[in-house]
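The values are calculated or read from the model by the stated rules, or taken from the named source; none is laboratory data. Everything numeric in this text was worked out from a predicted model, so none of it was measured. Glycine gets a Cβ as well: all are built from the backbone with ideal geometry, and neighbour counts include every protein chain shown. Quick note on the areas: whole protein, heavy atoms, side chains included, nothing else; ligands and nucleic acids left out. Shrake-Rupley method; radii C 1.70, N 1.55, O 1.52, S 1.80 Å.
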Amino acid sequence: MIPPFDLKRQYAALKPELDSAIAGVLERGTFILGEEVVAFESEFAAYCGVSDAVGVGSGTEALHLALRACDIGPGDEVITVAHTAVATAAAIEIAGARPIFVDIDPQRWTLDPSQLEAAITPRTRAIIPVHLYGCAAELAPILDVARRHQLRVIEDCAQAHGARYHGHRVGRWGDLATFSFYPTKNLGAYGDGGAITTNDPELAERLRLLRQYGWAERYVSTLKGFNSRLDEMQAAILRVKLRHLDAWNARRRSLARTYGTLLRDAGLQLPLDPEEGAHVYHLYVIRTTRREALRAYLRENGIGTLIHYPIPIYLQPAYTDAGYGPGALPETEAAAAQVLSLPLYPELHEDEVKAVCDAITAFQHHA
């Protein structure tokens, strides 16, 4: 069986480092906002090229707190995409704001900047471009629109740790940027975790208050905050993994090149690797009009796949009140009907990639 991801392989490769880091936390006996969190925040900020990183409880909470730090709430609108994890929209609604969805670029599969201006209303306060599957969104025109309309930009980097845009890593382009450390991410914890990065010291200080009850000092709330803290154990694990992130991303790119070479003539739409960016292939996603048949065939041949994401957010039962119906965003709906995520993780072997490609080629020839 070739699974879509295999975290046990990663743990086996890092076992001595990870076990030592975990033991250190247990021996010190501090588990919330201690020295590991402080160190990780400093190291991750340096990695992203920003002044501050604030560790929080999850990627969803990172988005929620980023919106709150910008005073975005009830009555406000936030523009984003519907071809993403539902967490993006959920965070907007948790903040009390309303998500406004625009369509995606048919090649890049991220927010289409040409659709952006038409979605802006007097209530618009922010734009959340999602760096999907490891590919940076087309940020330059998005930032240009945001500046002209005085809107905040919050990058959703949950799938793009280490990805670049015009030579610089994502996470430093917007007013704020949010990351998830869900275990399967390019940089993943062994539980939930997230972070927000920024070059604005006032926003960073506000985020540190918001993540822990608004405390400037213990038990004294200077503003109404929340409980969303990255814990010491996860920070220690992330510090170990951060040292390997660039090598893992390089490996992901190498495996993606192998996929691209072997599937070049397979009659599929393959992921775009933009010239101005560096895709880090959190997922290797193809598009095919025969997705369900191909997925079943791969399953029969011992190959696991996933779908990211099968239903646009506005067509999901909980979000039918968003005001969009079928056909509202045609590129989004086409992608949802066709995308298929193939196995890809740093510990995947070249011969496993070849086996996946051989199975796809056999399916295409015999279908």
Calculate how many DSSP beta bridges within the chain are antiparallel, expressed in % of all such bridges and rounded to the nearest 5. 60 percent
Compute the separation of the alpha-carbon centres of region 30-68 and region 120-147 and state it in Å as a whole number. 22 Å
Rg over Rh of region 1-150, using C-alpha atoms and the Kirkwood radius, what does it come to? 1.05
For region 154-220 the trypsin sites (Lys or Arg not before Pro) that pass both the DSSP coil test and the at-most-11 other-Cβ-within-10 Å test are ARG218
Checking ASP246, ASP144, ASP76 against a Gaussian network model of the chain (alpha-carbon springs below 10 Å), the top fluctuating residue turns out to be ASP144
What are the extents of the Cα atoms of region 1-89 along their three principal axes, listed from largest to smallest and rounded to whole Å? 50, 41, 25
Percent relative contact order for the chain, counting Cα pairs under 8 Å at least six residues apart, stands at 22 percent
Using a 7 Å offset from the Cα along the Cα-to-Cβ direction at both GLU300 and GLU217, what is the distance between the two label points in nm, to one decimal? 7.1 nm
How big is the gap, in Å, between the Cα center of region 278-308 and the Cα center of region 193-253? 33 Å
Which whole-number percentage describes the relative contact order of region 119-167, with Cα contacts under 8 Å and a sequence gap of 6 or more? 48 percent
Can you give me the accessible area per residue for the chain, using a 1.4 Å probe, in Å²? 41 Å²
Return the inverse of the average 1/r over all pairs of distinct C-alpha atoms in region 180-232, which is the Kirkwood hydrodynamic radius, in Å to one decimal. 12.2 Å
Would you grab the residues whose amide H sits under 5 Å from the one on LEU306? Only those 5+ places off in sequence or on another chain, please, with H modelled 1.01 Å from N. SER341
Which value, in Å² and to the nearest 10, is the accessible area of THR121 when all protein chains are kept and the probe is 1.4 Å? 50 Å²
³J(HN,Hα), Karplus 6.51/-1.76/1.60, whole Hz, each residue of region 307-321, x for Gly, Pro: 10, 10, 9, x, 9, x, 4, 6, 9, 7, x, 6, 10, 5, 7
Where GLU300, GLU292, GLU61 fall by accessible area, highest first, once all protein chains stay in place (1.4 Å): GLU300, GLU292, GLU61
Of all accessible heavy-atom area on the chain, the percent that carbon and sulfur account for (1.4 Å): 51 percent
